[in-house]
Amino acid sequence: MALHGTDAEPSGSILYVPEPEQDSALSRFRLKPPSSGGAVEIPCYDCDIASDPTPESPTGMSLAQDFTYADVRTDRIKVHGPAGFAGMRVAGRLAAECLDMLTPHVVPGVATAELDRLAREFILDNGALPACLYYRGYSHTLCISPNHVVCHGIPGERTLREGDVANIDVTVIVDGWHGDHSRMYALGEVAPRARRLIEVTYEALERGVAAVRPGARLGDVGYAIQSYVEAQRCSVVRDFCGHGVGRVFHDAPNVLHFGRQGAGERLEAGMFFTIEPMVNLGRHPVKLLADGWTAVTRDKSLSAQCEHSIGVTEDGCEIFTVSPGGLFKPQ
């Protein structure tokens, strides 16, 4: 899930996260399916969650009221050690497995609410938590954004149709670690311009990831994405950005998908963040719909997005959200 520009705070100093001496304090809160009926408790792992501790839920779930341990976003960029990488590998893999699972179900005629249900059940069945559920009042597991929807499309009764292209975005929490991942799906025969937009978006992500290494700057990542996209006569969305990730859903730093070489924070091994360019076939401005979530292109041109959660390593970066089934790119 992308971070909106109005929510972004400037990144500041570096925080080196100590390695735990024992199992994570959050591990005891890992979700276990109930042995019998009753509500499943979903603890709050992010202080930005809805203020009501027990909101009404169509799924029969409730938020734990006695949850007291939570990491929060600060303006400090966290640097993690081996334990953090291990946690993010598990969370990232499950997010990718979730979207792999959905692939055969993303067909013309499917309701977006049905895809949301399938993802929620998959995540819970695997002992994890859907990070978006009740995040700032959001009441779904997925964001599903077809055609000219840029991001944060809300699942519902709408059905996907032949020729649609859609981004599906999921974030899971496993033992307190957030795996954030999105990819594009093409339904049936899609227009050549839509196929080309998807190809440009995926190549932009690859170029952004390739720019990540210790000593590089975040501006190098944004420049790699923007310079390629604009050379293809497409545009990069400015209103949303990638973000730090780990034990906090949306953490420092803010990862812009445009920028200048040599600008921005210097990258160090152990930093975790998402790269998730949103690319429009037309101009870059977007508008937010009345629901407060759905962002669409102002000129109603097609939009595409893809996203990985990554960790900076000593010689480059590690992608935590690689598809186990090789299904990241639409066929």
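We did not get these values from a lab; they are worked out from the coordinates using the rules stated. Note that the structure is a prediction, hence the values are computed from the model and not measured. No Cβ is skipped: glycine too gets one built from the backbone with ideal geometry, and neighbour counts run over all protein chains shown.
Just how large is the dipole of region 195-331 about the Cα centre, in debye to the nearest 20, putting +1 at every Lys and Arg Cβ and -1 at every Asp and Glu Cβ?
Computed about the Cα centre, the dipole is about 560 debye.
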**Fill in**
Two pseudo-spin positions, 7 Å from Cα along C-beta at Ala210 and at Glu157, lie apart in nanometres by 4.7 nm
**Prompt:** Which of the peptides 301-309, 313-321, 133-141 is most tightly packed, and how do the rest follow, going by the mean number of other Cβ atoms within 10 Å of each residue?
**Reply:** 301-309, 133-141, 313-321
**Message:** Taking 0.36 nm per residue of sequence separation and subtracting the Cα-Cα distance, how much length would be gained by fully extending the chain between Val90 and Gln331, in nm to one decimal?
**Reply:** 84.2 nm
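What does the extension gain come out to for Ala83 and Glu268, with contour length at 0.36 nm per residue minus their alpha carbon separation?
Working: separation 185, 0.36 × 185 = 66.60 nm, distance 1.65 nm.
Length gained between Ala83 and Glu268: 65.0 nm.
Between beta-carbons, use under 12 Å as the cut-off and find the net charge around Val149, counting Lys and Arg +1, Asp and Glu -1.
Values: positive: Arg158, Lys287, Lys300; negative: Asp164, Asp169, Asp291.
For residues surrounding Val149, the net value is 0.
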**Message:** Residue by residue through region 123-138, what is 3J(HN,Hα) from phi via Karplus (6.51 cos²θ - 1.76 cosθ + 1.60, θ = phi - 60°)? Round to whole Hz and write x for glycine and proline.
**Reply:** 5, 5, 5, 9, x, 10, 10, x, 5, 6, 5, 6, 5, 6, x, 5
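If Lys and Arg each add +1 and Asp and Glu each add -1, what is the summed charge of the other residues whose beta carbon sits under 14 Å from the beta carbon of Val106? List each step's numbers first, then the result.
Working: positive: Arg117, Arg158, Arg161, Arg183, Lys329; negative: Asp100, Glu114, Asp116, Glu162, Asp164, Asp169.
Spelling it out: positives minus negatives among the neighbours equals -1.
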**Fill in**
Each label sits 7 Å from Cα toward the beta-carbon; between Val107 and Tyr16 the label points are separated, in nm, by 5.4 nm
**Item:** Size of electric dipole in region 75-139: Cβ of Lys, Arg +1 and of Asp, Glu -1, about Cα centre, debye, nearest 20
**Value:** 340 debye
**Prompt:** Taking the Cα-to-Cβ direction at Arg136 and at Arg298 and moving 7 Å from each Cα, how far apart do the two end points lie in nm?
**Reply:** 2.1 nm
